[in-house]
Every structure is written in structure tokens, then in C-alpha cells.
1. Show me 615-626, 352-363 ranked by packing, highest mean number of other Cβ atoms within 10 Å first.
2. Please quote Rg/Rh for region 288-414 to two decimal places, taking the Kirkwood radius as Rh and restricting both calculations to Cα atoms.
3. What percentages make up the Cα-Cα pair-distance distribution of region 525-584 when the bins are 10 Å wide from 0?
4. Which of the peptides 378-385, 179-186, 394-401 is most tightly packed, and how do the rest follow, judged by the mean count of other Cβ atoms within 10 Å per residue?
5. Dividing the convex hull volume of the Cα atoms of region 559-656 by its residue count, what figure in Å³ per residue is obtained?
6. Can you give the charge dipole size of region 151-279 about its Cα centre, rounded to the nearest 20 debye, using +1 on the beta carbon of Lys and Arg and -1 on the beta carbon of Asp and Glu?
7. Please list, in chain and number order, the residues 5+ apart from residue 357 or on another chain whose amide H is under 5 Å from its amide H, with Hs placed from the backbone.
8. Could you tell me what percent of the accessible area of region 1-44 is made up of carbon and sulfur, with a 1.4 Å probe and every protein chain present?
Amino acid sequence: MSREHALRLLRDMLRARRFEERCVELYTQEKIRGFLHVCIGEEAVGAGVMFNLTEDEAVVATYREHGHALLKGISMERVMAEMYGKVSGCAMGRGGSMHLFDADTRFFGGNAIVGGGIPMAVGLALADKMQGRTRATVCFFGEGAASEGVFYESLNLAALWQLPVVFICENNHYAMGTPLDVEHARGEVYHKSEAIGVPSERVDGMSVVQVEAAARNALDAARSGKGPRLIECDTYRFRAHSMFDPQLYRDPAEVEAWKEKDPIVRLADWMAQTGLIQEGEREALEKEITEEIDKAVQFAENADWEPPETLHDYVSLPLPSPLAPPPAPESEPSQTSMREAFNRGLQEALEHDERVFLMGEDIGRYGGCYAVTRDLFAEFGADRVRDTPLAENGFTGAGLGAALGGMRPIVEIMTVNFSLLAMDQIVNTAAALLHMSGGQFNVPVVIRMATGAGRQVAAQHSHSLENWYTHVPGLRVLAPATVEDARYMLWAALQDPNPVLIFEHVMLYNHTAELTPQPQGVDIEKAAIRRTGTDITLITYGGSLYKALEAAEQLAAEGIEAEVVDLRVLRPLDTDTLVESVARSHRAVIVDEGWKTGGLAGEVMAILNERAFWELDAPLARVCSEEVPVPYPRHLEQLVLPRVEQIVEAARRTLGEKP
């Protein structure tokens, strides 16, 4: 090891430690708030790994990431300003201590969710491999994350697809306050990785030289196409889990024993013994770092707070205007099923955008659970139509990472109830990343899933949970119910710079209608009026659309003209169309297959009360599913779901007639 090499490692570790020591002081002064997790004692891991990274290689970190951010090249001033929550911070003050981001250095942030960043790293590596790049992605996490299912899901994907990702486990022996022997039946994380098929090793994480040597070999292997690697670094944090932690769970003598292995002292002493550092150089280095920290603190103190008027910035990005029309629209009308329309939309996307690929369970060789992806595997191959293991959180997170890496993934989650396993990645990462990063990282991913009841598959496969996702800022939620929307919505969704969820009702896959060519595509910002009328408005979406249309026909036979509004865009709701329709009819019934309590129907009612109260001539009404889990017997299942006769009765009541 050369003198310059050793001095760089020493300086890197000192910068990380002295920065965090000052952050602790600032926290006690209430300059830094929220959670503060410092890695004091663990600096050898970050310094050793980051030493060999190239500028364009991505890093995904944990909530204990201040040193990693500095060593990746983010200026100390911007990191400190972020700790303060100032607009000059590396995430405009929106992320704080646990969420440092920087697009210029490809630092994809800390993550407050234990293990939450691991699948993102897999996706970033997948994007690089699919685009023919030879760089690696590095992912840091603690040994506590190796208890999470997403750890195993992600490493399995990386091994299956031989992705250029290096996993760094910072094993500091405590997941918050739970000791290693309580959280793991077998404490060696690297053995778990080896069992999955990822070559792994364990090194002394208090030795920056050992860490650096192992990281160099792992990075070389990843870059040369040999697949993923894992390094478990046996290390220790000298301070509490966070500033709220009284540390009652560990013996002070244990802490002192580990401090005898201090990686900074260890390297500095060795350098002195071997003549790699001269008298006074350590002091000069410390002085230089102190001045850098003082300057960073002053910068943060003087920086501005983000003005209140920017509160709603970076929640989502606007759609391009105008949207590019579909590249291969049909030229003539044709009888088409919803299933065929969805399939044609996927085929078109794969044909005309090389960034697009499909990913999900049984979508390739099997042809899809609902045959929507039938024949696409044979046409486009295993790289573009990518079968995944049963690992919703893992492959959904990998889809987000691939989107961050420049691809346009279409992730299929087989049914909406399975999406609950991926809700962490959808809600905590996809929806929040643009905001947390101060607008630096958007996630242009499309996630498709089947929803709804009617097939006699009982409670666990019959949910209508769209409303859960419409609650979340940062997502676009679509519910196509016509063959035109099924055919053309996808191309528009792929142009959205935000995450898009598409809910496909299972009872509509066999629905057949004449497909009218839409050479300009369809609007994914507007509701659609499917039937005009002046006496009452029926508002619905998805699987209930045709029930509402049938109810409207029955009402028309009685001389009642009902307007039917298909929401089709559930977030953001097109409230203008709703208000305009109610202003014409002065009455409304909302039909929603979801449960009434806390459902989307109640939200639509609230919006109409807020914006169209003086237009109403009668109280609003709603028809929703009965508040029970969906039963298996057909006669009971049909009693649970909204029915045409219920819609007709609700309309009559609203119009002042007895049912």
C-alpha cells in the first residue's frame, strides 16, 4: 500500500467520523432534528468499499449513510444543509438525515425502511446489464435487514440473473437493540448469501485494508460479468442506534472492548509504525477536516428554508404535453376482447420502445395467469418478458430500480391481494422518492394487477383495494373498463414520469366489444362520459361500469335519463368532469365495488359536497359491496357485490321515488 493510498483511506474515515461527531453536537442543540443514526466506529466499511468505486457507479445505502454520502462525492456543505432541512441540502431539505440523495454522483439515497433499498439496487444493476454497461452497483445494509424477506428475494433475483451488484452487510451485531444471537438462528450472514447462490465472504470490518481488498475483488467480479457478490463486514457502532436510544441493551464494557479495535486508530498506528505518515501530518489532516466542517455548518446556518409556496412541488411530475400517440394504432374497427386489447398494448410497447420490458410471475413461459401476456415470450424472449420468482416485494422493488436506471419496466403483480406484499416498495419508495430526493429521482414504472370479485375464488382473491392506493400522493391510478382504454392506456402510462398503477378487473377480461381505433391515444387525466343524461349521474369505474350502463337503460325505460361517468383515472380524480355532470343532473349515485367504509365512493361524495353542494337537489347516494369478506358460494358472492337492481333503486330514491 502506497503512502497516498493509506492517507486517502485515513482521511476518508476521519471525514466521516468528525462530521458525525459534529452532527451529534448539533442534534443536542436542536439544529438537527428527527432521527439521527451515526456510524461512528464503522467507518472502515464505507471507506474501504467506496475507495474503488468509479464516479458513475451507483450506491444504495441505509439510514446510517452520512459517511457514504460524503465519500461518494457529495459536498459536505450540501450534506450538512440537508441535515438541517435547508433548501440548499442535497435533497432540498426534504429528506433529512435518513434520506440523502444526489443524482450527479448517482447516490440513490439512504432508506428508512430496513432492507428497503436492496431490491432497488438489484433493479439498478438489472438496468445496467440490459443496457450493456459494465459498471457495478453497491448496496449497503445492516445484519438486521438479513432477517427481512426482501433480502432473500433480492439476492435470489441477483443470482438468477447474474447481475453486477455488490451487497455490503455492515454487521454491527445489533438490529436497533436486538443482539445478533436473538435475531438470527445462524449469525453469519454470508452463509445465508452463499446458500442462495451469491459468492460471499466475511471480513474484519474494523480493518479498512481488509474491507478495501475484498471490495476490490467483488467489484472486479461484478464488472466482468461474474454476477453478484456479498461481503459481510464484522463491525461495531460505538454510539447508540439513534439519538433517542438509551443503550440499555448492551454492556458498556462490550463497547469499550470494541473501541480498542477502532479502525481509525488501527490504521493510523500502522501508518506511523511503517513510516507512511510523518509527524504532524495527522494534526494537519484533522485541522483541514475541522475547517471543512466549520464551513459546512456555517453554510447550513446561513442557508434558506424552502418557502411554503413550494410545499406541493415534487409530489409528481406533469405528463408530457402533448403525449406521443400510439405508434401502431388499428386502422379499422374490430371485435376485440379486453384480454386481447391488453395484450396488443403490451406487444406495441415492446415493439416500439427498446427500454420496455415485462416482469412478473408466470408471465413468460406460462403466458400469464389470465393469458394477457400470451405469446409475448415467444416473440420477445426471456430478457424482455422476464419470469420472476414468487417474490412480489423483491421484483417490484427491482422494477423501481430498473426505472431509475433508465428502463421502462412493466411489472405485473398477479392479483391485487398479492400487491400487499409489495406495498412497501410501492408506497414507501415509488410514491415518495421524487419528493424525498427534492425532485432528483422520479420512478417511471408501470405496475399492472388484476382486481375484483365474481369468479368464486373466496375472500383472499376477490379484493377491490384500488382505494388504498388512491390515498397515496405520487401515484397515478388507472382502471380501464373499455376495450379502447385497455388497448391504449398503456402507451400513455409509459410516458408518465411517475409510477402508474393499472387495475384490470378480472370479470372484464372476457368482455368483447368493437374496438374503435384511437390514433391519438386515450386521455389518462380525464374521466369519460359513457352515456349522456340530464336527470341523474351514475359515477363508477372498472367492473361496475357495465352494471351502471345496464341500470341506466332500465331507468331510461321509465323515462329517467341517467348520465354515466366512468372515473377510469382514480388518482388524480378528474373532479371537473364530476362537478360539470352533477351541475347538469343535480343528483348522483356513486357505484364502487370496494367496501363502503373508507372507500372511494365516500371520497367522491365528499368532493361533490365540497364543490357542487349548491347544485344538488337531493342527497348523494352510493352503492358499494357489503362489508364482509367475499364469500365462496356464488349466490352469496353476488349478494355482496353491487347489483344492477341496487343501482336502479338508489337512483329512484334519489329522484324521490320509492324503490
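1. 352-363, 615-626
2. 1.22
3. Reading the bins upward from 0: 26, 54, 19, 2.
4. Ranking the peptides 378-385, 179-186, 394-401 by packing returns 394-401, 378-385, 179-186.
5. Numbers: hull volume 10.8 nm³, N = 98.
Per residue, the Cα convex hull of region 559-656 comes to 110 Å³.
6. Values: 13 positive and 20 negative charges, 92 e Å.
Using Cβ point charges on Lys, Arg, Asp and Glu, region 151-279 gives about 440 debye.
7. 408, 410
8. It is 45 percent, rounded to a whole number.
The values are calculated or read from the model by the stated rules, or taken from the named source; none is laboratory data. As the structure is a computational prediction, the values presented were derived from the model and not from experiment. Note that we place each Cβ from the backbone using ideal geometry, even for glycine, and neighbour counts take in every protein chain shown. For the accessible areas, the whole protein counts, side chains as well, though only heavy atoms, and no ligand, DNA or RNA atoms are used. Shrake-Rupley method; radii C 1.70, N 1.55, O 1.52, S 1.80 Å.
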